[in-house]
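Have a look at the structure below before the remarks.
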Protein chains: 2
Amino acid sequence: MQVTARIDYAVRALLELASSEAGRVTRDELADAQDIPRRYLESILLQLRREGLVIGQRGATGGYRLGRPADQITMADVSRAVDGPLALVQGQRPEHIQYDGTSRHLGDLWIGLRAAVRSVMESVTLADLLAGDLPTEVQALVNDPDAWRSGTDR
Amino acid sequence: MQVTARIDYAVRALLELASSEAGRVTRDELADAQDIPRRYLESILLQLRREGLVIGQRGATGGYRLGRPADQITMADVSRAVDGPLALVQGQRPEHIQYDGTSRHLGDLWIGLRAAVRSVMESVTLADLLAGDLPTEVQALVNDPDAWRSGTDR
DNA sequence: CTTCATCCGAGCGCCCAACCCGGGTCGGGC
DNA sequence: GCCCGACCCGGGTTGGGCGCTCGGATGAAG
């Protein structure tokens, strides 16, 4: 249950791109603005390009720009582009795992968990994050003071 | 965004324990019933014991039993016991990360995501899973046919 | 005092995350 | 047409964590 550095970096780079809607932005400008290792960021941008989330332009006046409007890029898109499918169990899709005996209903738990993750990741867009204006159902989660406590562990 | 084998194994072993409420169950019996590598399962049981989720008894008639009733052990308890805090970002708790500039509101996303994960993991208990009777809000997620599709990727 | 099962630290292989390099390739400007 | 700038891309390196194993110590029961 970890959010990788890769996703975090990808979202931040895309936010930077979305905010300078006009022209192209180079890899180094993105890296400097968000404090991301340059070469590593490049490998992320490459993946984003293959999924159509950004468009790269070579040459002297080159750089990157968004592949489509910021309000049509969800967090789920970004996550799947750089990290593969959401909420896998042992590297497999939860609906394909066979449980039996006493763990007969365990699959339902993982399906439900994935649905919960999706409900957040598929509803939030780059434009929402830029405006600081998340969908109401996500904002409700964030506003709950309980969401900010550090867990009941340790 | 991966559910590790370790959590999956831990839950399955605990379910097995919960179902044979009466006596103690040995590591090998658990391993055989759920098809989990024996020595590996042992290291998991050790962690569960340190968190009080199971009680180990040594000796000839030894084995494991639950540390408290099955309806008082949540999936969040299990996950935190074997995998540490839920939904970390880059190994840090989301509320401790400082974002600024265009990614000013990114922290809210991770907080919301963690809240969504918690809402499932803290509401489902071992007893629920055994009975196949999940909390209504989780069951609602599972019943949605959309929850079963394999993602819109690739 | 032997047997059985849990306890416990250590260690191994592998893959992936996080990076770095060296070059190829394309586009624009002069 | 040449060169510079920036993306494109395969590979390499390092470190850490996951999945899993081993050998032995400790304790309970017959």
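The values are calculated or read from the model by the stated rules, or taken from the named source; none is laboratory data. Not measured: the values here are computed from a predicted model. Neighbour counts run over all protein chains shown; Cβ positions are idealised from the backbone, glycine included.
For residues that are under 27 Å from A:P69 (Cβ atoms) and at the interface with chain B (Cβ under 8 Å from one of its Cβ atoms), tally how many sit in the range A:132-154. Working first, answer last.
Residues of the range A:132-154 under 27 Å from A:P69 (Cβ atoms): A:132-142.
Then drop every residue that is not at the interface with chain B (Cβ under 8 Å from one of its Cβ atoms), which leaves A:132, A:134, A:138-139, A:141-142.
The total comes to 6.
How many residues, within the range B:15-37, are in a helix (DSSP H, G or I), over 18 Å from A:Q90 (Cα atoms) and of a type outside the set (G, A, S)?
Initial filter on the range B:15-37 (in a helix (DSSP H, G or I)): B:15-19, B:27-34.
Imposing the further condition that a residue be over 18 Å from A:Q90 (Cα atoms) reduces the set to B:15-19, B:27-30, B:32-33.
Then drop every residue that is not of a type outside the set (G, A, S), which leaves B:15-17, B:27-30, B:32.
Residues in the range B:15-37 being in a helix (DSSP H, G or I), over 18 Å from A:Q90 (Cα atoms) and of a type outside the set (G, A, S): 8 in total.
Looking at the range B:76-113, which of its residues are away from DNA strand D (no atom under 16 Å from the Cβ), touching a residue at least 24 places away in the same chain (Cβ under 8 Å) and within 7 Å of chain A (Cβ to nearest Cβ)? Let's see the steps before the verdict.
From the range B:76-113, those away from DNA strand D (no atom under 16 Å from the Cβ) are B:76-77, B:94-113; that's our starting set.
Applying the additional criterion that residues be touching a residue at least 24 places away in the same chain (Cβ under 8 Å) yields B:76-77, B:113.
Correct list: B:L113 only.
Can you tell me which residue within the range A:10-46, out of those that are within 13 Å of DNA strand C (Cβ to nearest atom) and facing another protein chain (nearest Cβ under 9 Å), is farthest from the chain's Cα centre (by Cα)?
Filtering the range A:10-46 for residues that are within 13 Å of DNA strand C (Cβ to nearest atom) and facing another protein chain (nearest Cβ under 9 Å), the one farthest from the chain's Cα centre (by Cα) comes out as A:Q34.
Condition first: small (G, A, S) and either buried (at least 22 other Cβ atoms within 10 Å of the Cβ) or not in a helix (DSSP H, G or I) (or both). Now tell me which residues in the range A:120-133 satisfy that. Write out each step before concluding.
Of the range A:120-133, the ones small (G, A, S) are A:123, A:127, A:131-132.
Selection gives A:S123, A:G132.
Kindly indicate whether B:E16 is closer than 22 Å to A:L106 by Cα and at pLDDT below 95. Spell out the reasoning first.
On the way: closer than 22 Å to A:L106 by Cα: yes; at pLDDT below 95: no.
So B:E16 fails the test.
Scan the range B:60-68 and tell me whether some residue there is within 12 Å of DNA strand C (Cβ to nearest atom) and surrounded by 21 or more Cβ atoms within 10 Å (Cβ to Cβ).
To start, the set of residues in the range B:60-68 that are within 12 Å of DNA strand C (Cβ to nearest atom) comprises B:60-65, B:67.
Keeping just the survivors that are surrounded by 21 or more Cβ atoms within 10 Å (Cβ to Cβ) gives B:64.
Yes: one or more hits.
Since B:Y9 meets every condition but one in (1) within 11 Å of DNA strand D (Cβ to nearest atom); (2) within 20 Å of B:M121 (Cβ to Cβ); (3) not in a helix (DSSP H, G or I), which condition does it not meet?
Result: B:Y9 passes all but (3).
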